[in-house]
Amino acid sequence: MPPANSSAESRRLLTPATIPAALEAQAAGARLLAGGTWLMRSALRDEPLTGAFASLHAIPALSRLDLTPEAAEIGAAVTHARLAEALAGIPELAPLAVAAGASANPGVRRAATLGGNLCATEFPAADLACALLALEADVDLERLSGPGRVYMAQFLARREALLPGALVAGVRIPRRAGRLGAHVRLPLRKAGDYPVAIVSLTAEVADGRLSRPVIAVGSVEPVARRWAELEAALDGVSLDPAAGASAAAGLLSSFSPREGIEAPGWYRAEVLPALVRRALAALEASA
Ligand SMILES: Cc1cc2nc3c(=O)[nH]c(=O)nc-3n(C[C@H](O)[C@H](O)[C@H](O)COP(=O)(O)OP(=O)(O)OC[C@H]3O[C@@H](n4cnc5c(N)ncnc54)[C@H](O)[C@@H]3O)c2cc1C
């Protein structure tokens, strides 16, 4: 007999056409369904995949991708593939373009969405979440009581409390001319793997010096977060990848790395200096 959660009869697909309709469906017990690339692996996590699912694909507002000189406004249903294509070659948005274009594999990238990446709360290796932290994005939330906006760092730290009864509508990324960025990740194989560790960074570079670096680390701890100690250490110093890596090596004790089947915790932290070096080298190449 097949396991209960493989029974298609125990699932129901709803296709709300508006955000309020999706929120109503959610309030009635439906789970929001975006690309399904995380939800479809529920069985691997021993989680039931039954009940009603409200697909977000028929809601036009969630597929917007608007680029103005001031900001990039990106709807939650925009896929990794579309993001990578639309943002290619925009220096200040490079972390998100690279994150979207390097995650998973082409088939998954055509389905997986920005909103799903932010809302898969048990997924520590989310590339877009890490890039959006480095880009200091804001997250737009919708509830039946009305819309709201939270800083990305605040969203990630509090999303278990923020998400019930809410839908992520999209993100707003401020575009700051002259700011550069990089996103580097370490999968154990070439493609398709979850990365062992991720470093996303943005900074201004003037006269060979870094200014106001924002450095985010993903996949090392259960949730991506900024590396405040390294940001402080690199602010105002020469853009020197080797020196940046040694600064990072001296600041690893601030992490409590997670254990995982693909890598032990100590390894996730130990690879960070090399990822910082690569990220700074990428920044140097784009300056
Ligand atoms: C083999 C494989 C490898 C992968 N490797 C990577 C990788 O290395 N890096 C990476 O970043 N991604 C990777 N992914 C993709 C990853 O699953 C997605 O990035 C993302 O976490 C899920 O997006 P989704 O659109 O498929 O979400 P779904 O699976 O549809 O949903 C995920 C969760 O988010 C909720 N949700 C979805 N949208 C919203 C919304 N707008 N508002 C509120 N809640 C919402 C759902 O209810 C569900 O709980 C991989 C996927 C696979 C299958």
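The values are calculated or read from the model by the stated rules, or taken from the named source; none is laboratory data. Not measured: the values here are computed from a predicted model. Don't worry about glycine lacking a Cβ; one is built from the backbone with ideal geometry, like all the others, and counts go over all protein chains shown.
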Filter result for residue 177 (within 14 Å of the ligand (Cβ to nearest atom) and in contact (Cβ under 8 Å) with a residue 40 or more places away in the chain): no
The one condition residue 58 fails out of (1) among the aliphatic types (A, V, I, L, M); (2) more than 10 Å from the ligand (Cβ to nearest atom); (3) at pLDDT 95 or above; (4) farther than 30 Å from residue 194 by Cα is (4)
Only one of these conditions is not met by residue 182: (1) more than 11 Å from the ligand (Cβ to nearest atom); (2) assigned to a loop (DSSP other than H, G, I, E, B); (3) touching a Pro at 6+ places or on another chain (Cβ under 8 Å). Which number is it? (2)
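Table: residues versus (1) assigned to a helix (DSSP H, G or I); (2) within 14 Å of the ligand (Cβ to nearest atom); (3) assigned by TED's automatic domain parsing to the domain that holds residue 231; (4) surrounded by 14 or more Cβ atoms within 10 Å (Cβ to Cβ).
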residue: 124; (1), (2), (3), (4): no, yes, no, yes
residue: 128; (1), (2), (3), (4): yes, yes, no, yes
residue: 141; (1), (2), (3), (4): no, yes, no, yes
residue: 155; (1), (2), (3), (4): yes, yes, no, yes
residue: 164; (1), (2), (3), (4): no, yes, no, no
When you look at residue 86, is it out of contact with any His (no Cβ under 6 Å at 6 or more places or on another chain) and either touching a residue at least 24 places away in the same chain (Cβ under 8 Å) or closer than 24 Å to residue 278 by Cβ (or both), yes or no? no
Taking residue 31 as meeting all but one of (1) touching a helix residue (DSSP H, G or I) at 6+ places or on another chain (Cβ under 8 Å); (2) in the same structural domain as residue 141 (by TED's automatic domain parsing); (3) free of Cβ contacts under 8 Å to residues at least 40 places away in the same chain, write down the number of the exception. (2)
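Table: residues versus (1) of a type in the set (Lys, Arg); (2) within 25 Å of residue 285 (Cβ to Cβ); (3) not in a loop (DSSP other than H, G, I, E, B).
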residue	(1), (2), (3)
36	no, no, no
41	yes, no, yes
44	no, no, yes
49	no, no, no
54	no, no, yes
84	no, yes, yes
94	no, yes, yes
98	no, yes, yes
101	no, yes, yes
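Scan 72, 43 and give me the residue that is more than 11 Å from the ligand (Cβ to nearest atom), within 20 Å of residue 141 (Cβ to Cβ) and either over 14 Å from the mean Cα position of the chain (by Cα) or at pLDDT below 95 (or both).
Step by step, each of 72, 43 is checked, and only 72 is more than 11 Å from the ligand (Cβ to nearest atom), within 20 Å of residue 141 (Cβ to Cβ) and either over 14 Å from the mean Cα position of the chain (by Cα) or at pLDDT below 95 (or both).
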Could you tell me whether any residue of the range 247-264 is in a helix (DSSP H, G or I) and modelled with pLDDT under 95? yes
Determine whether residue 83 is surrounded by 14 or more Cβ atoms within 10 Å (Cβ to Cβ), more than 12 Å from the ligand (Cβ to nearest atom) and either small (Gly, Ala, Ser) or within 15 Å of the chain's Cα centre (by Cα) (or both). no
